[in-house]
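Note sheet for the following structure.
The values are calculated or read from the model by the stated rules, or taken from the named source; none is laboratory data. Because the structure is predicted, anything quoted here is derived from the model rather than measured. Backbone-built Cβ (ideal geometry, glycine too); neighbour counts: all protein chains shown.
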Amino acid sequence: MKISDESKIGIFAVFTLVILILGFNLLKGKDILRASRTYYAYYDNINGLQESNPVVYKGYRIGKVYDIEVDEEKNMIKVAFVVKSDVHIPANSVAKITDLDILGAKAVEIIPSNEKTAAKHRDFLKGETAITLSQAVDNVVNPVVEKLNKSLSELNKVLENKGTENLEAIIENLKKTTENLTQSTDKFNNYRSIERLNEILKNISSISRTLKDNNDEINHFIQNMSAISDTVEAAHLGEVIAQSRQTIEKVNSISEKINKGEGTVGMLVNNDSLYINLENASKNLNLLLEDIQKNPSHYVHFSVFGKKDKEKDKKK
């Protein structure tokens, strides 16, 4: 069967139209040959988002931006994006426009909610726009620029109304202060204060070295003092002092009695006659002992022969 030229032209036209439709949809980010879901979100500002920009979920690319249009009734931007059908997005999730890199490439990031049910085809998600890099820089730089402008304004006020003269006077005073400090430093060096300071530092170092070398002896001394303190405390020093006081009081009482002549010791100390009698008795006792030694026969009679010797002595 021979195909006419008209049929060939018609088939080619249809094929070309299909290719155009597929290519147009692919360029817009919609793959009509693959099952997908479409979602929508409204934004006040899309910050340069374009069709075919990627849609990511936890860092994974799941779709593309399909369509962007202005909703004049709400005065907002309506964005449509398609997502793979095998990816289930929780209901009430957030579609946030963010930067993919520092160059400013945009993407829609899906931030899932805590809902257990999945969003349905053609549902609306919550649209949010992240702060761009330029906005973040502006937020940091603008306050700094404002403070710098205020500082410059204050400086201009200071320089006005003879401010220049005041500044020159301040500089001159600083110059004089520097010269005075230089002179003081020279005097300090002339008096050899540095050498004295070095001697003091050497003495301090020597003292610290001595303390370090005798550290064991110092610790031993402290331990001994602690032991003595514990011993005194254990010995009940208060009781010892109280007993000593009582003993002293008794000695004082005895001394008072002796001074008053009470008792034997008191009479010996205060009565002369008793002392004289005792002295005389002592002398007589000494004389008696001397006589016994010289003439023992006058006091002791002893005989080997008994009575006969005694009778002879009587006759004599």
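Data table
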read-out	value
Cβ-Cβ under 7 Å pairs, at least 6 apart or on other chains, the stretch 270-297 side modelled with pLDDT under 75, far side loosely packed, with under 10 Cβ neighbours inside 10 Å and of a type in the set (Phe, Trp, Tyr)	Ile292/Tyr299
Whichever residue in the stretch 121-160 is part of a loop (DSSP other than H, G, I, E, B) and in contact (Cβ under 8 Å) with a residue 12 or more places away in the chain and, among such residues, is nearest to Lys84 (Cα to Cα)	His121
Residue match in the stretch 94-104 (condition: over 15 Å from Asp44 (Cα atoms) and surrounded by 15 or more Cβ atoms within 10 Å (Cβ to Cβ))	yes
Subset tally (residues that are part of a loop (DSSP other than H, G, I, E, B) and either in contact with a Gly (Cβ under 9 Å, 6 or more places away or on another chain) or surrounded by 12 or more Cβ atoms within 10 Å (Cβ to Cβ) (or both)) for the stretch 110-120	4
Sole residue being more than 12 Å from Tyr39 (Cα to Cα), at pLDDT below 95 and of a type outside the set (Ser, Thr, Tyr), chosen from Lys96, Lys106	Lys106
One residue from Ser208, Ser229 being modelled with pLDDT under 75 and of a type in the set (Gly, Ala, Ser)	Ser229
Lys147 being more than 46 Å from the chain's Cα centre (by Cα) and basic (Lys, Arg)	no
Per-region count, the stretch 124-138, residues modelled with pLDDT of 95 or more and farther than 15 Å from Lys96 by Cα	0
